[in-house]
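Contents: one structure, followed by commentary.
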């Protein structure tokens with residue numbers, strides 16, 4: 001009787017272990033898929049050391065990030081798998097120790113980098129000014145832009161990077177200033193692009209206008 005009970009106990013433990021392993025495998029696959037989607041939407045990804053931060057401080061950091069930037073904390077092995085699949089191999093050497101990974105879309109690169117530096121400054125406020133330069137409550141463990149690794153100086157410069165809309169507006173202003181001969185050659189550009197840039201150029205003087213005013217939705221979309 002006792003032998004039978006022991007045998008049943010081993011079978012139950014074995015089944016429980018099999019179920020846990022299966023659940024763990026599914027969870028890992030789901031995490032990798034989530035990371036892959038994040039890589040697909042990102043222009044910049046950087047790692048941040050969070051060892052000395054509390055849960056409250058990490059929550060504050062997430063809240064400071066702009067829309068279009070998300071933070072994930074995951075096992076390095078899972079991030080490596082996702083990075084390899086999505087062509088972000090340059091990030092793999094940074095997958096050491098504990099990192100919070102920040103995925104940034106191209107629309108909010110400068111704002112996201114500024115948010116990180118503002119967060120770091122906020123952490124340093126509790127220390128005397130003369131000690132702050134030697135304090136490092138966080139650290140950038142790696143930064144990559146479209147699979148090109150960046151050093152800390154290059155990462156810092158991203159804070160000054162213009163947005164896509166700002167670049168388009170600059171091009172639009174330049175097009176309004178080009179000589180007639182050059183303007184004639186612009187006609188070779190596809191019509192939709194010319195109209196689009198011209199619309200932004202004409203609307204640039206109206207500081208109250210927003211992009212959706214200059215580029216109204218098609219009638220079919222408005223009805224929908």
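The values are calculated or read from the model by the stated rules, or taken from the named source; none is laboratory data. It should be emphasised that the depicted structure is a prediction, and the values quoted were computed from it without experimental measurement. Using ideal geometry, Cβ is built from the backbone for each residue, glycine included, and neighbour counts are taken over all protein chains shown.
Quick notes on this structure:
- Taking strands (runs of 3 or more DSSP E) as the structural unit, those lying wholly within the stretch 26-120 and holding at least 1 residues that are over 17 Å from residue 159 (Cα atoms) and touching a helix residue (DSSP H, G or I) at 6+ places or on another chain (Cβ under 7 Å) correspond to 69-72, 99-104.
- When each of 171, 140 is tested for being outside the structural domain of residue 42 (by TED's automatic domain parsing) and in contact with a helix residue (DSSP H, G or I) (Cβ under 8 Å, 6 or more places away or on another chain), the lone residue that passes is 171.
- Where residue 93 falls short, out of the listed (1) closer than 21 Å to residue 145 by Cα; (2) under 16 Å from the mean Cα position of the chain (by Cα): (2)
- Residue within the stretch 42-50 that is surrounded by 13 or more Cβ atoms within 10 Å (Cβ to Cβ), more than 22 Å from residue 161 (Cβ to Cβ) and at pLDDT below 95 present: yes
- Against the conditions (1) over 30 Å from residue 135 (Cβ atoms); (2) at pLDDT 95 or above, residue 7 satisfies every one except (2).
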